[in-house]
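Here is the structure we will look at.
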Amino acid sequence: MNQQTLLLKYLEKIVNIPSFTEEKKAVNKVNDILSKILTNLGLKVFRYPHAQAGDLLVAQSAMRSGKKIALLGHTDIVSLPHFTFFQNKQNKCYGNGVADMKAGLIVILGVLQKLKASGELYNVTCIFSPDEEVGSVAHKARLHHLYQKQDFALVFEPGLEIQPGDWPKKMWLVNQRNGMSLADIEIFGDGGHVANKIINRNSAIEEMAYKIIHLHKLTQAKDGILLNVGLINGGQAPNVIAPYCRASLDLRISSLGQYNILRKKILHIIQTNHLKVTSKITEKMFIPPLELNRKSEKLFVLAKQYAKENDILLINSRRNGGSDANQAGFLGLGILDALGAVGANLHSDKEWVYTRSIFDSIDFVGNILSSLQK
Ligand SMILES: [Zn+2]
């Protein structure tokens, strides 16, 4: 069996496991298959279990002096009501999670094979998160610890075809991603019967209404700032002045500077009450935006060089959604993301990748890695 056929066999095997984030056993089945292949490639494999999530899988090559490079992937896929199995038809591979990001995992395996064959398999650490689709929270502390030992992180989220026909002559790489924050807002009032207290009422719902309008006005879509209160509940009955109201805020930002300014404005809105109530905000989650740094720019220059030699137009782009790159970039690593296979219809039963893009990416990344290690 030649190398490409073997890699497609591996792809079929791992796509056919419905490794939805919350299906710990299924995620670990993918880990079992990968562990075996990585061990056979001569890497040292470590697995870190977790009570609720799948194992964090780490595989390390031999180390020597020089830049340390992480290859980031995830073994989970987004949960869907019906599972679609693997199919290889004409020039595409189909199946749930094939693009996001099981084909990306295969690209990593192919890159490792390539480096091994050329005697350049060193200073590489593969890090596979079992719960990336929910923000890689289970192993967060260990992930940070691992990221801090690296200089660069290559991330194998799918490449996307922004315009049909772009691939294979145009490639959209990602080195900027928006960040997000989730917060709960709570308002407490003194309540009371509407008939007795209608003058001077201090309704938690009314106060929340003022706050939502002020919060939404902070949105500046062209600068990547989005605020949305998407969930609200409160009150007791139509004839009772609402003593309590709770709302959830989703904030998207494109830079940390923006976030710091917005955070102050949001706190000011929450603390400034129109009525005699008390207000509270609780930050539930924060994913830092992925911003450009000098190391990321260096990676892009290397990628551009290879692209030019191969007559590919490389485009530097930003994505709205986050990936493991956000946390790694926040810790100062140079990042290049969207190095997985090129496809579309992520998180749906029509997900696919161009089969050849898997092998193109292997050549592309193999080349960048060799240059980085020189
Ligand atoms: Zn992904």
In this structure, the FRET efficiency calculated for Leu256 and Asp151 from their beta-carbon separation, with R0 = 30 Å, to the nearest 0.05, is 0.90
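Kindly put Met180, Met63 in sequence by how many other C-beta atoms sit within 10 Å of each C-beta, fewest to most.
Working: Met180 21, Met63 13.
The most exposed by this proxy come first: Met63, Met180.
Which loop-located trypsin sites (Lys or Arg not before Pro) does the stretch 131-209 contain, where loop means any DSSP state but H, G, I, E or B and the Cβ has at most 15 other Cβ atoms within 10 Å?
Numbers: sites: Lys140, Arg142, Lys149, Lys169, Lys170, Arg177, Lys197, Arg201; in loops: Lys149, Lys169, Arg201.
Answer in residue order: Lys149, Lys169.
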For Glu309 and Val240, FRET efficiency with R0 = 51 Å and r from the beta-carbon atoms, rounded to 0.05?
0.10
In the stretch 305-369, the trypsin sites (Lys or Arg not before Pro) that sit in a DSSP loop and have at most 13 other Cβ atoms within 10 Å of their own Cβ are Lys350
Rough spin-label spacing in nm, given labels placed 7 Å along Cα→Cβ, for Val194 and Lys222
4.3
Label point distance in nm, Ala209-Ser248, each placed 7 Å from Cα along Cα→Cβ:
2.4
Kirkwood calc, the chain, C-alpha pairs only, radius in angstrom 22.4
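Taking 0.36 nm per intervening residue step and subtracting the Cα-Cα distance, what contour gain separates Leu331 from Gln87 on full extension?
Once the chain is fully extended between Leu331 and Gln87, it gains 84.0 nm.
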Starting from one equal scatterer on each C-alpha and no solvent at all, send me the Debye-based log10 I(q)/I(0) for the stretch 179-287 at q = 0.22 Å⁻¹, two decimals.
-1.10
Computed, not fitted: 222 nm per-residue ellipticity of the chain from DSSP H runs ≥ 4 (each -39500 (n - 2.57)), nearest 500, equal to -11000 deg cm²/dmol
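Assign one of three labels to the stretch 1-147, namely rounded, prolate or oblate, based on the Cα gyration tensor with a ≥ b ≥ c the square roots of its eigenvalues; rounded applies when a/c is under 1.5, prolate when it is not and a/b is larger than b/c, and oblate otherwise.
Because a/c hits 1.5 or more and a/b fails to exceed b/c, the stretch 1-147 counts as oblate.
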Rough spin-label spacing in nm, given labels placed 7 Å along Cα→Cβ, for Asp184 and Arg356:
5.2
Report the extension gain between Ala51 and Val78 in nm, rounded to one decimal, defined as 0.36 nm multiplied by the number of residues separating them, less their alpha carbon distance.
7.8 nm
Output the Kirkwood hydrodynamic radius of the stretch 26-90, Cα pairs only, in Å rounded to one decimal.
14.3
Given the pairs Lys25/Lys116; Lys44/Lys114; Lys36/Lys170; Lys222/Lys276; Lys24/Lys114, which are separated by over 25 angstrom at their Cα positions?
Lys25/Lys116; Lys36/Lys170; Lys222/Lys276; Lys24/Lys114
By DSSP, what percent of the beta bridges with both residues in the chain are antiparallel, rounded to the nearest 5?
65
Below 8 Å between Cα atoms, with a sequence gap of 6+, how large is the relative contact order for the stretch 209-300 in percent?
22
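By count of other Cβ within 10 Å, fewest leading, how are Val107, Val27, Val301 ordered?
Ranked by crowding around the Cβ, least crowded first: Val301, Val27, Val107.
Quick note: the coordinates plus some simple rules give every number you see, no bench work behind them. Just so you know, these numbers come straight off a predicted model, no measurement behind them. Heads up, the Cβs are rebuilt from the backbone with ideal geometry, glycines too, and the neighbour counts pull from every protein chain shown.
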